[in-house]
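First up is the structure itself, then whatever we jot down about it.
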Amino acid sequence: MNLDLINFKIKESKKILILPSQPADLDCICSALVMKWYVMQVKNSYNSIEENEDGYIGVDEENWVRIYSFFQIPDKLKLFPEISQIEQKYLENVDIPMYDLIIGVDGNGYDRFLTNGYQKYFSQNDLKHKFIVFDHHQLESNVDFLDEYYVSEPEASSTTLVLYKNLFKNLEITPRIATFLYTGISSDTGNFKWNLNSETLKIAGELLHKGADYLEATNVKIPVKEIDFTVWAIQHTKYFPEIKTTLLSINKSHYDELDEIFGDKWDFKDLDRHYKNTFCKLVEGYDYYFILKEDKKNNNVRVAWRVRDLPEKEIDFIHLIQNLGYEAGGHQNSGGARAFNVYIDDVWNKIKNQITIEMS
């Protein structure tokens, strides 16, 4: 990474937009907040962002740097008052061309920042000279970020960790910024239960030394509906001991029941998060966990997977699923995929067969 080049681009830009990715989580939210702080340091505007008497970052009045999210941020993630600085917007209501610079955090494709409909308004070629991206996922195969403005470390546990290493490590940061950075790392490791390495723990320790409030950073509550969905999901989980794999398959026949229990738009509320974070990776004798969801109104299928940190056999699920002809990305032990114009059972049978081959 050429830090001088990135800082020069920030200094030269008069209007800057920061975009967290989808789906919203504490890593992308906190990455956006600390990125705003960093941008304002680079622009020599420190007086506008000193901590006030409540210990919070003051909101700049000039509005030359904004944080927008084109995706819903669940209430359970609003741990900090500063999250109100992230403005919820519809893409069609924002004049993207007015911004000299767009900084995307925690996403590996333009659609992760701008929704799937961004190409109705601008092409990748229109965007790539405006974008700086910080991330820790595998790059989507059809994305064209400029190399000099794309900073990603797929082996890193979180994007906040990537930001700390590349931007913040040698800066004098406030305890509030340290708390945000620590929160992103803690969240993306399940409070230090997965995706761990010595670097993650070392940096977490440095942030605690710099004043991070670890109690506030981990003060995430689990909504009752997520608990209820987890109960439903466990009841519908299938077990394949011969390949050490579990499957939660949600097809069209389940939607009436789920709509009645959890509301008409339950599938857009991330209700499976607790299931992923508690059930997945914890069942004795099972190393791989799959969730397949059939779209309600068509034959597209969404795939998510989780892998125990010490599986009997390492399987590269990103490449395995890509080799089946489906879009896939994320992390080795935690990722997602999309399959279009297919039946859910066909998708699972292909994945199952490939796991069987890998395990043999």
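The values are calculated or read from the model by the stated rules, or taken from the named source; none is laboratory data. As the structure is a prediction and not an experimental result, all values here were calculated from the model. In this analysis, Cβ positions are derived from the backbone assuming ideal geometry, glycine residues included, and neighbour counts consider all displayed protein chains.
Across the stretch 312-344, the number of residues qualifying as surrounded by 15 or more Cβ atoms within 10 Å (Cβ to Cβ) and not in a strand (DSSP E or B) comes to 13. Screening Leu146 with (1) out of contact with any helix residue (DSSP H, G or I) (no Cβ under 8 Å at 6 or more places or on another chain); (2) surrounded by fewer than 22 Cβ atoms within 10 Å (Cβ to Cβ); (3) of a type in the set (A, V, I, L, M) gives one miss only, at (1). Checked against (1) under 27 Å from Leu196 (Cα atoms); (2) in contact with a Lys or Arg (Cβ under 7 Å, 6 or more places away or on another chain), Asp100 passes all but a single condition, namely (1). Taking the stretch 143-154 as the range and being touching a residue at least 24 places away in the same chain (Cβ under 8 Å) and more than 17 Å from Ile18 (Cα to Cα) as the test, the residues that pass are Val143, Glu148, Pro154. Go through the residues of the stretch 122-137 one by one and say whether even a single one is over 16 Å from Met1 (Cα atoms), touching a helix residue (DSSP H, G or I) at 6+ places or on another chain (Cβ under 7 Å) and of a type in the set (Ser, Thr, Tyr). There is no residue in the stretch 122-137 that is over 16 Å from Met1 (Cα atoms), touching a helix residue (DSSP H, G or I) at 6+ places or on another chain (Cβ under 7 Å) and of a type in the set (Ser, Thr, Tyr). For the stretch 241-276, a residue qualifies if it is out of contact with any strand residue (DSSP E or B) (no Cβ under 7 Å at 6 or more places or on another chain) and not in a helix (DSSP H, G or I), and the qualifying residues are Gly263, Asp264, Lys265, Lys269, Asp270, Leu271.
For the stretch 243-250, does any single residue satisfy the condition of being within 22 Å of Asp272 (Cβ to Cβ), over 23 Å from the mean Cα position of the chain (by Cα), loosely packed, with under 15 Cβ neighbours inside 10 Å and touching a residue at least 12 places away in the same chain (Cβ under 8 Å)? No, that holds for no residue. Looking only at residues of the stretch 149-191 that are in contact with a strand residue (DSSP E or B) (Cβ under 7 Å, 6 or more places away or on another chain) and outside any helix (DSSP H, G or I), we find that the one that is surrounded by the most Cβ atoms within 10 Å (Cβ to Cβ) is Val151.
Restricting the stretch 221-263 to residues that are at pLDDT 95 or above and acidic (Asp, Glu) leaves a set whose member that is farthest from Asn299 (Cα to Cα) is Glu242. Restrict the check to the stretch 199-217 and report whether at least one residue is part of a helix (DSSP H, G or I) and under 30 Å from Leu292 (Cα atoms). Within the stretch 199-217, not a single residue is part of a helix (DSSP H, G or I) and under 30 Å from Leu292 (Cα atoms).
Can you tell me which residues in the stretch 192-209 are within 18 Å of Asn170 (Cα to Cα) and crowded, with 19+ Cβ neighbours inside 10 Å?
Selection gives Thr200, Ile203, Ala204, Leu207.
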